[in-house]
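Peer 1: If you scroll down you'll find the structure; I have some questions about it.
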Amino acid sequence: MNTALVQVLGAVAYGELKAYEGAKAEAAAAPDEETRLRFRKVAAEELRHHKGFVARLEAMGADPERAMRPYRTALDTYHARQTDNQVEEAVFGYLGEGVADDLLQWLRKVVDDETAAFIDTVIEDEVEHEAGAAADLRSVLETTPNGKARAARASRTMLLHMLWSGRRGATPMVAFMRVGRPAELLGAILGGHARRMRAIGLAPFGLPIPV
Ligand SMILES: [Fe+2]
Ligand SMILES: [Fe+2]
């Protein structure tokens, strides 16, 4: 059994469960029917992803509960964040879906064919989730005074929060690094982050754009 891969799949499986819980909560709190339906669809898809990764772990002869356990603290802490700041909420949603996409794109290159085929179906859903989160963020930025400056600040907060949540327990990122090709992985994440920030008219990491 490939231990490093079991650890990564454990982290991803638990991450998908948290994404499911998050989308379910969004659906319950939705201000209108259209939003509610959209998040119900996302929730159903995240649950499918979670179950699929659990099944891949089982197929590899691993115990899914054991594989997920080390990442609970970090991911629970990360997702427990509460804010009534709409810009921050939208930035976290957008960048969060995006990081998941980058990780999955990289992961599909280092796993067996069967797992890669499953990941492809997950990516298909996630691309749609990211587009939805991007649309939400754009509409928040359009209606918020000083939206861009606040989004830049929120993106920095998110990066810090991601690092801070990983202080206790195992972090998913360390699990990914252990699979190998860490430089390629970092490149994919940093490149993806910069691309997404540019897409909303900001410099990478929310740094001020030089004029
Ligand atoms: Fe997902
Ligand atoms: Fe998603």
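Throughout, read-outs are computed from the coordinates displayed, never taken from laboratory work. Given the structure is predicted, the values throughout are model-derived calculations rather than measurements. All Cβ positions, glycine included, derive from the backbone under ideal geometry; neighbour counts span all protein chains shown.
Peer 1: Which value, in debye to the nearest 20, gives the size of the charge dipole of the chain about its Cα centre, when Lys and Arg are +1 and Asp and Glu are -1 at the Cβ?
Peer 2: 860 debye
Peer 1: Against the longest principal axis of the chain, how steep is helix 147-165, in degrees 0 to 90 to the nearest 10, with axes from Cα atoms?
Peer 2: That works out to roughly 30 degrees.
Peer 1: If you average the alpha carbon positions of region 1-16 and of region 37-101, how far apart do those two centres end up, in angstrom?
Peer 2: 13 Å
Peer 1: Also, quick follow-up: For the chain, evaluate the Debye formula with one uniform point scatterer on each Cα (no solvent term) and list log10 I(q)/I(0) at q = 0.08, 0.09, 0.12 Å⁻¹, rounded to two decimals.
Peer 2: Taking Cα atoms of the chain as identical point scatterers yields -0.27, -0.34, -0.62.
Peer 1: Counting only helical runs of four or more DSSP H residues, what would the 222 nm mean residue ellipticity of the chain come to if each run contributes -39,500 (n - 2.57) and the total is spread over all its residues?
Peer 2: Calculated at 222 nm, the ellipticity per residue is -27000 deg cm²/dmol.
Peer 1: Now, a different point. Can you pull the one-decimal nm distance between simple spin-label points at LYS148 and THR77, each 7 Å off the Cα toward Cβ?
Peer 2: Roughly 3.5 nm, to one decimal.
Peer 1: Moving on. Have a look at ILE119, LEU104, PRO204 and report the one farthest towards the positive end of the charge dipole of the chain, computed about the Cα centre with Cβ charges (Lys/Arg +1, Asp/Glu -1).
Peer 2: Positive-most Cα among the choices belongs to PRO204.
Peer 1: Suppose each label sits 7 Å from its Cα in the direction of the beta carbon; what would the ALA29-ASP63 distance come out to in nanometres?
Peer 2: 3.5 nm
Peer 1: Among all stretches of the chain without exposed trypsin sites (Lys or Arg not before Pro) (DSSP loop, at most 14 other Cβ atoms within 10 Å), which one is longest?
Peer 2: 82-166
Peer 1: What length, rounded to one decimal in nm, is gained on full extension from ALA199 through to ARG36, with 0.36 nm per residue of separation minus their alpha-carbon distance?
Peer 2: 56.1 nm
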